[in-house]
Amino acid sequence: MLMDADACYRALVTRDSRFDGRLFVGVKTTGIYCRPICPARTPKRENVTFFTTATAAQAAGFRPCLRCRPESSPDLAAWRGTSNTVSRALALIETGALDEADVEGLATRLGVGERQLRRLFRRHLGASPISVAQTRRVLLAKQLIHQTLLPMTDVALASGFGSVRRFNETFQRLYDRPPASLRRQSGEAPAGEDGVRLDLAYRAPYDWDALTGFLAMRAIEGVEQVSVAGYARTIGFGEDHGLLTVTPSPKPDRLSVTIRFPRLGALPAIIARVRRVFDLTADPAAIAEHLGRDPALAPRVAARPGLRVPGAWDGFELAVRAILGQQITVAAATLLAGRIVREWGEPLPETLAGVVPGLTHVFPRAERLAGADLSVLPMPRARSSALKTLAVAVAADPTLFDGRGDLAEAIARLKALPGIGEWTAQYIAMRQLREPDAFPTGDIGLLRAMAGADGRRPATPALQARAEAWRPWRAYAALHLWTGEVIADPLARTLDEKTPDDRKAA
């Protein structure tokens, strides 16, 4: 527990929204668990118990409240930042790792033993990995029931249940009623919606302009589009292609996501990637409180308290972009990426062509680039060779950009890839692996942002020592320093500004 029980109860009595997503309240007399902002009458102190996760509440035998809907709370975790193994495991579970394999297989992907993984889950989440996966399926299914008009069979498939029978049995056991009855009570499903539309919650404040500005500078022609209306991109899983749009929701503290994809079973993985790209699980208050202790960061944090670290949609796509931009400006790198898409990207199916004007292709898969003649691109032969070797490596091991091991192990593994030096590895760790403590220490933008009143930049070792106090949120510190410079784009550096490792890798 983050707090003692009396503090939790005070948060419940006052309906304090700051604790929404941080704790869940189990009511012993009803067998229901709620969010601390639930509008229901406050139960007596002796009748409640508190949990840091919805999974722990369900594992203890409580069922979700139908009024405050725990599935719509911000996806925060009180333990976040204390166990990277659990963070990586949750990311894999979100993408369906336990739909395709068992806990032993998940532990193997994480590089730990099965018993160790179970102990970590019990310590930090109060439940087993299987319970976490089951809770996520139930809450996603309930969200789909409330927010879409999908038939119940499709809801079962889209939320990761292996069968409609298991879906029905689970809801009957948890809610004491069939899933269809929950839809009749909601009355919220939009009529005539093209695609699956969901609202995803986040913890305010949220700096939408900064995040979309960051993405706009890297938008690849034909694949991504950022406008006043929001963010849109093409997506691909295997042979299936689709479209995704993300906009601010009319509801407070929500993003509206519309997914057009032929295979409903991919929905959990798509939603997980949206959460990653838009950093929806961040706790800005905790991050701001920690980073704001540093006098150099305090004014930047106060100016942009909702700043997020933009994630990457796909690790291979990000690595290609990072290698392309190692010795040229971001604009030039974006043009090169667009040419790669035109030459080797896969066109959208006719049913989706023109739905979002300008989006025409899916970024090429590693297998496609592995067999392509990249020497035709206007770049040094060493870099095109690095791209080729990277594509071959990812084609041979599609899990290459999965989170395995701690940050140091991840950086070492990335640096073993061709064309990737220390800076590029840290950048990939920030955006793809979602390592909140990744930090490209030698980055010229960071050194320039930390210059003293006399304009003198600190030496790299001095910045590294200063950044120790920013752990475990150094990635967010880097974003504050970059954004404060209005550069917001470390890939725009010239060759002279590169770190030695990057010059060697390039």
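For the chain, just give the cysteines left without a disulfide-compatible partner, judged by no other Cys Cβ under 4.7 Å.
If one checks each Cβ against the other cysteines of the chain, Cys8 turn up with nothing under 4.7 Å.
Any idea how far apart Asp99 and Asp397 come out in nm if each label point goes 7 Å out from Cα toward Cβ?
It is 2.6 nm.
What are the membrane-span-like helices in the chain by this rule: whole DSSP H runs, Cα extent along the axis at least 24 Å, mean Kyte-Doolittle hydropathy at least -0.5?
In the chain, the long hydrophobic H runs are 129-147.
Quick check: the distance between the Cα centres of segment 334-411 and segment 302-329, to the nearest angstrom?
Measuring centre to centre over Cα atoms gives 15 Å.
Counting only pairs 8 or more places apart or on different chains, how many lysine pairs in the chain have C-alpha atoms closer than 23 Å?
8
Given an 8 Å cut-off on Cα distances and at least 6 residues of separation, report the relative contact order of the chain as a percent.
12 percent
What list of ³J(HN,Hα) values in whole Hz, one per residue of segment 17-29 in order, does the Karplus curve 6.51 cos²θ - 1.76 cosθ + 1.60 (θ = phi - 60°) give from phi, with Gly and Pro shown as x?
These are the phi-based 3J(HN,Hα) values: 5, 5, 9, 5, x, 8, 8, 10, 10, x, 9, 5, 6 Hz.
Would you mind ranking Cys65, Cys38 by Cβ crowding within 10 Å, fewest neighbours first?
With the sparsest Cβ surroundings first, the list reads Cys65, Cys38.
What length, rounded to one decimal in nm, is gained on full extension from Ser181 through to Ala465, with 0.36 nm per residue of separation minus their alpha-carbon distance?
Separation in residues times 0.36 nm, less the Cα-Cα distance, equals 96.5 nm.
Can you list the GluC sites (Glu not before Pro) in segment 114-214 that are in a DSSP coil and have 11 or fewer other beta carbons within 10 angstrom?
Passing both the DSSP loop test and the Cβ count: Glu188.
Any idea which of His290, Thr245, Phe363 is furthest toward the positive side of the dipole for the chain, if Lys and Arg beta-carbons carry +1 and Asp and Glu beta-carbons -1?
His290
Coordinate-derived values only; no laboratory data. Everything numeric here is computed off the predicted structure, so don't read it as measured data. With ideal geometry, Cβ positions are generated from the backbone for all residues, glycine too; neighbour counts draw on all protein chains shown.
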